[in-house]
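Some notes on the structure that comes next.
Just so it is clear, none of the values below were taken in a lab; they were calculated from the coordinates. Treat the numbers as computed from the prediction; the structure is a model and nothing was measured. Cβ coordinates were reconstructed from backbone atoms using ideal geometry, including for glycine residues, and neighbour counts include every protein chain displayed.
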Number of protein chains: 2
Amino acid sequence: MSATALIIIDVQQGLDNPAFGERNNPEAESNMARLLAAWRERGLPVMHVRHDSVEPNSPLRPDQPGNAIKPEVFPQPGEPLFTKSVNSAFIGTALDAHLRESGIERLVIVGLTTDHCVSTSVRMAANLGFEVTLVSDGTATFERTAPDGTHFTAEQMHNANLASLNGEFCRVLSTEAILADMA
Amino acid sequence: MSATALIIIDVQQGLDNPAFGERNNPEAESNMARLLAAWRERGLPVMHVRHDSVEPNSPLRPDQPGNAIKPEVFPQPGEPLFTKSVNSAFIGTALDAHLRESGIERLVIVGLTTDHCVSTSVRMAANLGFEVTLVSDGTATFERTAPDGTHFTAEQMHNANLASLNGEFCRVLSTEAILADMA
């Protein structure tokens, strides 16, 4: 049975910018850190994805301090880092090739944000044939307003997006459930 | 300026199966038909996408009557049809190659369902570099329940997903706005 990779997407300082609005799940980063520690302890594969924005005003541009990965999940030497400039971690990167060369078929995905880069990467991973687990409390998003004016809190956006993904593209599990399964 | 293609995704009989639950926007198919008529009248490019499911019990399997495209948007001879077995219209199909060979850079996307195949295809189209318009009332989805038990009506799922997509992956416009813009 091949190893399961932990993929950590876009956990960058710039996403703390208040311009993004209200965020849910302040525990996301500490949950990611717990999973990362469990993967490292067992020598299981960990892969990092960083968004190098090409938007003129994004705090995630490589020339901005907000591009930096947060300390909770900062890559260790030897852990592959894939950089991207779109939402999907699989477009314009060598992630798919690296996973296939490594014989990895199963992914546990965490990161930011639930409905933008995480959802897009989960969808594409599943459609490329990987078996994906998305960590419900290892991701988070922001409040948003629909084109018709309907406002959704960050928690509503998060849950509605998990509802779209669960069972169709991935199974959604909590940090605790994954750690218990590994123990 | 290159032509804008109308892409119609998975508008198939099998999605009327009551097992999918409550659906929003019963006018979606008639709105798609209005856009399709406008594209055909002007000789603009139209592309159809059909889901040929490989799931054992799906009504969208090619050996099931539910695989058939609904009459409102049934392809005419000469209109390309791309078949797929995953959510994204860009994985396992020649759609991307066909668009690039045709010099098409702008897409108007309609179809079913808002949060599964339409959202996945919109996201990937945008990340592949296309300029995407998603038609708010030319798509629809079903009620769903999040992993934590939160229930969302079909209309809530639809609007939350449009909120995730609008501005990040596409602009969301109504059928009326698109037709007015063409007139």
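Would you mind counting up the charge near B:Leu173? Only other residues with Cβ under 10 Å from its Cβ, with Lys and Arg at +1 and Asp and Glu at -1.
Computed value for this residue: -2.
Using a 10 angstrom cutoff on alpha carbons, build the Gaussian network for chain B and name the most mobile of B:Ala19, B:Ala163, B:Ala37.
B:Ala19
How big is the protein assembly as shown on each of its three principal axes, counting only the C-alpha atoms and giving the largest first in Å?
Sorted from largest, the Cα extents of the protein assembly as shown read 61, 46, 38 Å.
Please enumerate, by chain and number, the lysines with C-alpha under 22 Å from the C-alpha of B:Lys84, excluding those fewer than 8 residues away in the same chain.
B:Lys70
Hey, in the GNM for chain B with a 10 angstrom Cα cutoff, which one of B:Thr93, B:Thr141, B:Thr113 fluctuates hardest?
B:Thr93
Taking only the alpha-carbon positions of the stretch A:4-182 and ignoring solvent, what does the Debye formula give for the base-10 log of I(q)/I(0) at q = 0.16 Å⁻¹?
-0.95
Run the label-point distances for A:Gly43 please: 7 Å along Cα to Cβ, every other copy, nanometres, shortest first.
Inter-copy label distances (nm, one decimal, shortest first): 6.7.
Over the whole of A:117-124, what's the average partner chain Cβ count within 10 Å per residue? Rounded to a whole number, please.
What the average comes to for A:117-124 is 5.
Once you've got the GNM for chain A with C-alpha springs shorter than 10 Å, pick whichever of A:Asn166, A:Asn87, A:Asn17 has the biggest mean-square fluctuation.
Of A:Asn166, A:Asn87, A:Asn17, the most mobile in the Gaussian network model is A:Asn17.
Partner chain Cβ atoms within 10 Å, averaged over the residues of A:82-89 - can you pull that number for me?
Shielding by partners across A:82-89 averages 3.
Just for the stretch B:92-183, what percent of DSSP beta bridges are antiparallel, to the closest 5?
Here the share of antiparallel DSSP bridges comes out near 15 percent.
Within the stretch A:4-182, what percent of beta bridges assigned by DSSP are antiparallel, to the nearest 5?
Taking every DSSP beta bridge with both residues in the stretch A:4-182, the antiparallel ones total about 15 percent.
Distance between the C-alpha centers of the stretch B:128-183 and the stretch B:89-123? Whole Å please.
Cα centres, the stretch B:128-183 to the stretch B:89-123: 15 Å.
Note the distances from A:Thr145 to each other copy's matching label point, with points 7 Å along the Cα-to-beta-carbon direction, in nm, sorted shortest first.
3.3
Which order do A:Leu81, B:Leu112, A:Leu44 fall in if you start with the one that has the fewest other Cβ atoms within 10 Å?
Least crowded to most crowded, the residues run A:Leu81, A:Leu44, B:Leu112.
Normalised by the residues of chain A, what does the relative contact order come to in percent, with Cα pairs under 8 Å and at least six apart?
26 percent
Counting only Cβ atoms, what residue of chain A lies nearest to the axis that sends chain A onto chain B, and how many whole Å off?
Nearest-to-axis residue on chain A, with distance in whole Å, is A:Ala160, 2.
Sort B:His51, A:His151 by Cβ crowding within 10 Å, fewest neighbours at the top.
Neighbour counts put them in this order, fewest first: A:His151, B:His51.
Sorted from shortest, what are the nm distances separating the label point of A:Asn17 from equivalent points in the other copies, each placed 7 Å from Cα along Cα to C-beta?
4.4
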